[in-house]
Structures are given as C-alpha cells and as structure tokens.
1. Considering only region B:10-83, give the strands (runs of 3 or more DSSP E) lying wholly within it that have at least 2 residues that are of a type in the set (K, R) and either outside the structural domain of B:G236 (by TED's automatic domain parsing) or closer than 17 Å to B:I191 by Cα (or both).
2. For the structure I just gave you, tell me whether B:F353 is among the aromatic types (F, W, Y) and surrounded by 24 or more Cβ atoms within 10 Å (Cβ to Cβ).
3. Going by what's in this entry, would B:T67 be described as surrounded by fewer than 21 Cβ atoms within 10 Å (Cβ to Cβ), farther than 23 Å from B:S15 by Cα, in contact (Cβ under 8 Å) with a residue 12 or more places away in the chain and among the hydroxyl-bearing types (S, T, Y)?
4. Suppose we keep only residues that are in a helix (DSSP H, G or I) and polar (S, T, N, Q) within region B:226-263. Which one would you say is farthest from the other protein chains (Cβ to nearest Cβ)?
5. How many residues, within region A:247-268, are among the polar types (S, T, N, Q) and either within 13 Å of A:V170 (Cβ to Cβ) or out of contact with any Ser or Thr (no Cβ under 9 Å at 6 or more places or on another chain) (or both)?
6. Residue under question is A:T94, and the condition is that it be touching a Phe, Trp or Tyr at 6+ places or on another chain (Cβ under 9 Å) and of a type outside the set (G, A, S); does it hold?
7. Among the residues of region A:33-53, is any buried (at least 20 other Cβ atoms within 10 Å of the Cβ), within 14 Å of chain B (Cβ to nearest Cβ), touching a Cys at 6+ places or on another chain (Cβ under 6 Å) and at pLDDT below 95?
8. Look at region A:285-296 and say how many of its residues are surrounded by 19 or more Cβ atoms within 10 Å (Cβ to Cβ) and of a type outside the set (A, V, I, L, M, F, W, C).
2 protein chains.
Amino acid sequence: MIIEKGGVTSPSGFSAAGVACGIKKNGKKDLAVVCSDIPATAAGVFTTNVVKGHSLQVTMDHIKCGTARAVVVNSGNANACVGEQGQKDALEITALAARLLGCKQQEVLVNSTGVIGMKLDMQAVRSGIENAVAKLSHDGGHEAEEAIMTTDLVPKEIAVQIELGGKKAVIAGMSKGSGMIHPNMATMIGIITTDASISKELLQKALKEITGHTFNRISVDGDTSVCDMVVALANGKAENEEIKTENSDYLAFKDALNTVCTYLARLVAKDGEGATKLIEVNVKGAPSAETAYKIACAVAKSPLVKTAFFGEDANWGRVITAAGYSGASFDPDKVDIYISGLATCRNGVALAFDEAEAKKLLKEKEIDITIDLKSGDFSDRMWTCDFSYDYVKINGSYRS
Amino acid sequence: MIIEKGGVTSPSGFSAAGVACGIKKNGKKDLAVVCSDIPATAAGVFTTNVVKGHSLQVTMDHIKCGTARAVVVNSGNANACVGEQGQKDALEITALAARLLGCKQQEVLVNSTGVIGMKLDMQAVRSGIENAVAKLSHDGGHEAEEAIMTTDLVPKEIAVQIELGGKKAVIAGMSKGSGMIHPNMATMIGIITTDASISKELLQKALKEITGHTFNRISVDGDTSVCDMVVALANGKAENEEIKTENSDYLAFKDALNTVCTYLARLVAKDGEGATKLIEVNVKGAPSAETAYKIACAVAKSPLVKTAFFGEDANWGRVITAAGYSGASFDPDKVDIYISGLATCRNGVALAFDEAEAKKLLKEKEIDITIDLKSGDFSDRMWTCDFSYDYVKINGSYRS
C-alpha cells in the first residue's frame, strides 16, 4: 500500500470542483461537486440522530438505487428543520445536477452542513451548482474539500494506492467536521472515492465495518450531528476483476479503506473546534467489548478530562472518575493508568510520578491515555481533542 | 411552610463549626463538623460511580447503624484512589471525632472533596478536627458551609420551618459542588439536618425520592464524582410525634424537604464552574418518563447548547439535535421548542422570531428551554448552566 498526496480525484475517472456561491457570509467556498465519469457503485452510512437533515434524507433514499454519479455538498447551511421546503430544495439540487451531468436524478447524492433551521438560498445554490459542474476537473479534489469545510482549519484528504489482481487501484477520501462531532454509525461528512471494482454489498459491508472503528470512534463534544454521512463511490475504472467475495483482494481493499478512514477520522478529532491536542484514549484488558467502549467513550467525552489536558495537567483522577461513571462494571482496584506512557495510577492507587516529566509529555500535540483494566482481553480506542477557550469562543457565536 | 434565613444549625439541637487546618493551600476553611446533640436518625444517598472515595466508603458502612451524631467533611482533598492508607485515614477521622464527642465511632459520618489521588495530610486533619469540635456552636452552620466549598463561589444553605402535629419543626440543608457535577443517585455533598422526629425508613424513602428529582436533575459537566453524597440527620428535638406512616405529617415533611433540596440543587447548577447563567431544561408531552429524562439530560449536557447560551445565541437547532441523539425515540415533526417563552421551532420546523427579543431574553441570569414533544403526558426537568471561558480556565489548572 502506497500513501499518495491526493484526494477524491486521485482515483481514475473522478472529477470535482468547489465554488463560492454566497451561502457563507464570508465569501469562502461553500459548494462542492464530486463526480464519477461513469455510474459508480455506491455505499453509505448515516447519522443515527432521530432528527435528520432534509438533504441527508434525500441521499438516504437515492442511495438505494445502488449506483451514483455525483455528490453535491454545500456548507454554511445544514438544510435541516425547515419543513417541506427543505425537502423540495434538496430534490431540486439533485434534479439540477442530474440535468447538467446527464444522469438520473437518483444517481445524485446531496448533503448540507452548517446552521440548522435556515432555508437554503436556492438562487445561490443553483448558480453554485452550474458553476461547479462547469468547472469539474480531474484535479479538483482539493477545491472540493475546501468547499465542504465549516469551522475546520485543516483540509482533510488522502489517497492510497493498492494492487488488486495485478491492477493498480486507488482509494481516496475527504472529510469535514470540527464541531458537533460524536459519531454513532457515521459522523460528519466523509466522501470516499475509488476506481476499484467491488460489489455494492461488499462496498457497504467494508464501509460499515471500517466506519465502526474509525469515524465512529471520534468525539469532539459528544454531539451527534443531524447531517452525518460517509459515502463511498467505486467506479471500477481500475479494471480489476470485480471483488464479489471476501477474497484477498477484498482484504487488501478493506485494509486500504481502513488507512483512508483512520487518517481522516484522526484529523477530524485533531482539528476539533478550538483543539490544541489530539488525545487517543486506549482501553485494554477489558472483560468485554462493551466495557472497553463505554469507558473509552466516557473518558473521551469528559469535559473535565479534556480541560485538564488543555491545561497540560496530568489529572488522571478525572480519567478514573470518568471510567467509574461510564456505566461499565469493572474492578477499580485493578486499574492502571498511563499518560503518554507515564504510569500515574497502579491498581487504582496513585503513583508518585515526576510532574516535570508529565508536563513535558503533555506539551506534545498528541497524547495517549491508556487505561488497563487487567480483567480480560478486550480493548477499544477513541480519538478526541482537548477543550480550550477557543471551543467556547467558536460556539458562543456560531450563528451570528 | 416558612423559609428562614439559616442553615444546618437552624433546627434545634444541631451545632457546627468550620476551620482552616491547612489542607487547602490558600489558607481558606477546609474542615467542617456538623453535630447533633443527641443521636439522630440518619439516611443517605451516595454516588453510583464504580470508583468511590475512601471516606465515602466508610460513611456508607457507618450509616447502616441507623443513627449518627456527627458528619465530618474536609475539602481540598478527595481522599480517593490512595489505597489502604485512605481507608485507615477515614477510619481515624471517625475514631478521633467520636472520642472527642463521646459517641460511638459508627455514629460519625465522614466525606472528603477535592483532588483525587493525594494522601490526606493527617496532621492537619487531626488538628482541624480538634479545633472544630472545640468551636462547635449552635450558630456555626454558615462557617461549616464555608469549609466544605471547593470551587464554589456562593455558599448554599437554607432552612424551612413547618408544623408537624402542632409542633414547630425545622428542616435545613447545606451543599457544595460546582464542578464534576452530574448526578446519579446523589451528587456533590449535601447535608440535611432536621429536628423533626421521623423513622429511619421514611427518612430514607423521602430523601431518595426527593433527591431523584432535585440533586439528581442537575448537571454542570456530565461528570459524576466519586465522592457524591447527601445525608440527612433527624434528631427529634422538635418533639413531634414520630412520623412512622405516610400520613399528612410525612407529606408536610417531604414537601419541606423538597423545598430545601430544590433550592440547594438549583444553586449548585447556578454556581457551576464558570457559569454565568442557570438553564432550566423542561421536556413535556413525552410518551414515557424515560423519553423525557433522556432528552432533558442530553440537552443539559450538550457542550454546544451550553456554549450557545453563554454566547446569548438562541441556537435552538442544537437543542433539537441533542434531543435527536439522546437515545430517546420520538417524532421530530411534532417538536415545539421555546426559549424563555419565545417560540423558536414548531412541529420540528424553524419559526421566524425576533432576534433582538431573543437576545434580550438570553441576557437574563435564568433561562428556560422548553421542549414539547406533543406525544404524551410525561415530563421531566433538569437544571444546568452555561459553558464559559472560565470553566476551561478553572479546570485547565485545577491540581496546580
């Protein structure tokens, strides 16, 4: 597997564009189109939030047809909770893009991300789609990524090259997401493109499995958005023999997909709103998978843990506290806690550790918290970020 | 029912004291003793965190004997996760206080609040207990409250007078708690004193029931502490006929206890770390009690909701988002949302509202969020506070 500099247009037969059409008040790019030259096999995972954005609902319907030609995403407005008009607008977006691209309306997927409860400015959106489709280019991936960013500071894209049955294939992806990040099935918006040939069933299976331990294992603030989705488009341009069984090609494909999703998911956590550090929470030695997940999740969500690490304070007491209220059952007298490798607690009891050494470790941009329950073989891992003044600043004035 | 200015020494036969013995580095009061002249019927509710402080564990054991003479509480150190020494220290505290007060060791309850994972400075604690017992006074309630405060800015105490079978009785309470507040059975530290005569069974029943919808309905940061407890001591000095059945006296007692606990619980939320506003989250029209609770809880915990209200931004989209991911099942197309009475969303759809009017309402120190599911008769209510820069500041440097 070779990791390339690239994005959603790195696989053969994909073009993209990103334009500024006036949805964002600051004049930044706000509408992206990603397009496959030919119908691509499509798979998707979507938010489990009971409330769902109107655009997302249209995509959940359209993806049932099994193939897709394009994904249209606007930022700056979530097209959620605006009533019937929201659904009409989402349908109009897909109809317009389909007409311009010469494909079926069902083959266009759509999503919107931004403020909830405001109607889309469809005049802006229409001109945005027209301009973007006119600009579609085989190296427009980066521009498309820029256009789906909201409070993101860092663009998130990657391309990975593998061999499938002697043919070179590429899997690439881009994502956005910085706040309202707490995954449950999917999270944020992720678009994966590949020129590999793979059946719809296996593409969906691989995407769901990989999402489960990548995008579904990040948390910025514990808030699961109403527009979360990850979609994967596979157009077969690599001309490998179609992957129809769980053979070695499938494993290679899944491995590469895992690399793409892991990279993007970590970047979403690291670029969390106001974040100064990426925190990886590892739970091991758990008696069950559920125990490991509950503890990782509680620690990753705890505002007390996240503010302590912002303050570069090795306050492991808050880590064991979060484990304790996670709802998981475990023996607190067996718990060991390490902060970036430094032992701070053994068998549930404080260890004397070098505070200067701890401070040095906590100045790093990436921090590892490991909680060893010493009670079994199950483990889990989540990525989160610290909680800073800037999170409060960004979210105290998001709508204005 | 008459609400009096007062605290835990307002009921007959209770004395208290608070002293500075050197546990807190800043020289503030850090050790409190609350004492009943005669053995009092005792009841308690405790944290459900799997990890429990050593002092708390001793109290959970001692309270089984049914009566108590005194409660000793230190702030500045949680006496948690320090191993066997922690239990020995907690036992020594109760033994020392018992000897000085001339009662059984089992009749002394103890708790500790503050940093986790540091051994108690027992030399300081011993001198603190000696000084506090020597200073015990029938109007020392306020001083005791000061000594249990940690990051609290506002002391939290109240006394309520009722008549039970022709006799005047008083129920009073004090509490502390500002961070690591998310109740589950009990929360923070609360001490309720009363001169009413009531059986242990009914005292426990009333305390548990009232705690359920007062102290267990507040959240500052979603973190359930390892030292949470609320204990109630009833010494019978009011000389009312002992309440042994759920008669009208029991109802009057419960009503007064509810007033005391509601007052204290709201104050804990309002005085949450860094808080500038008290936020009451009301859910009504729910199809089940569980649905109402899950939604109230998710909204009250959401960092996005809490930062929006800090920024005085009527971002109801975050309220419906939190409801949507709460785990409760409901019809989003029926949801109405009001912010301090202002209708912002009807049937899941944005309403046009006057932003200037919203801004004015959000400038108030107390804000009400009402979510009406219009799908049943169940309701719930939680109190929380906004999330400010100061929460991050306070918690980024708590141990140092």
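The values are calculated or read from the model by the stated rules, or taken from the named source; none is laboratory data. It should be emphasised that the depicted structure is a prediction, and the values quoted were computed from it without experimental measurement. So basically every Cβ, Gly included, is an ideal-geometry build from the backbone, and we count neighbours across all protein chains shown.
1. Details: elements: B:14-19, B:31-46, B:67-77.
Answer list for region B:10-83: none.
2. In short, no.
3. Considered against the rule, which asks whether it is surrounded by fewer than 21 Cβ atoms within 10 Å (Cβ to Cβ), farther than 23 Å from B:S15 by Cα, in contact (Cβ under 8 Å) with a residue 12 or more places away in the chain and among the hydroxyl-bearing types (S, T, Y), B:T67 comes out as no.
4. Checked region B:226-263; the qualifying residue farthest from the other protein chains (Cβ to nearest Cβ) is B:S248.
5. Within region A:247-268, residues that are among the polar types (S, T, N, Q) and either within 13 Å of A:V170 (Cβ to Cβ) or out of contact with any Ser or Thr (no Cβ under 9 Å at 6 or more places or on another chain) (or both) number 3.
6. Criteria not met by A:T94.
7. Yes, the conditions are met somewhere in region A:33-53.
8. As a first pass, look at region A:285-296 and keep what is surrounded by 19 or more Cβ atoms within 10 Å (Cβ to Cβ): A:285-286, A:291-296.
This time we only want the ones that are of a type outside the set (A, V, I, L, M, F, W, C), so: A:285, A:291, A:293-294.
Of the residues in region A:285-296, 4 are surrounded by 19 or more Cβ atoms within 10 Å (Cβ to Cβ) and of a type outside the set (A, V, I, L, M, F, W, C).
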